[in-house]
Amino acid sequence: MFDQTQIQEFKEAFTIMDQNRDGFIDKADLRDTFAALGRLNVKNEELEAMVQEAPGAINFTIFLSMFGEKLKGTDPEETILNAFKIFDPEGKGHIKADYIKEMLMTQADRFSQEEISQMFAAFPPDVSGNLDYKNLCYVITHGEEKD
């Protein structure tokens, strides 16, 4: 399912999230992880829902299989790039942020304002108001930004 490099990256992520180093990720670990990322006051119900997604206690094996299930339906990078290229007929590699926001909020499976805000927080437009969709596609499919 994953190559050795990916497994090592998941192991590092698991180790970071396992705040109390007991070999399992529980609600307390999730709360501490969110706090480390600057998100305080996460609702107990939200944490409970995350933990309930697992078939049992979340050790590394369960963690890895959960990610495998989540990523199984992920489209290849080229497919996602081609979807964005529809909005970039000149092939510039970027799209006006206001335009993509309007499209995402008014067409097909519409984004909420919160989802738009999250996307632009993670991938802010440049000073000209353009969204670098090639980098966005890379991060969606590879999980990290290009150097």
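The values are calculated or read from the model by the stated rules, or taken from the named source; none is laboratory data. Just so it is clear, the structure is predicted and the values come from calculations on it, not from any experiment. When we count neighbours, we look across all protein chains shown, and the Cβ atoms used for this are built from the backbone with ideal geometry, even at glycine.
Contact map, region 88-106: first residue within 16 Å of LYS134 (Cα to Cα), second residue hydrophobic (A, V, I, L, M, F, W, C) and at pLDDT below 90, Cβ cut-off under 6 Å, separation 6 or more or different chains; pairs are ILE95/PHE87. Any idea which residue in region 88-114 is farthest from TYR138 (Cα to Cα), counting only those that are touching a Phe, Trp or Tyr at 6+ places or on another chain (Cβ under 8 Å) and β-branched (Val, Ile, Thr)? In this case the residue turns out to be ILE100. Taking (1) outside any loop (DSSP other than H, G, I, E, B); (2) in contact (Cβ under 8 Å) with a residue 24 or more places away in the chain in turn, ALA28 satisfies each apart from (2). The set of residues in region 17-50 that are of a type in the set (Gly, Ala, Ser), over 18 Å from the mean Cα position of the chain (by Cα) and at negative phi contains only ALA28.
Here region 51-64 is the region considered, the condition is being within 20 Å of the chain's Cα centre (by Cα) and exposed (fewer than 14 other Cβ atoms within 10 Å of the Cβ), and the residue that is modelled with the highest pLDDT is GLN52.
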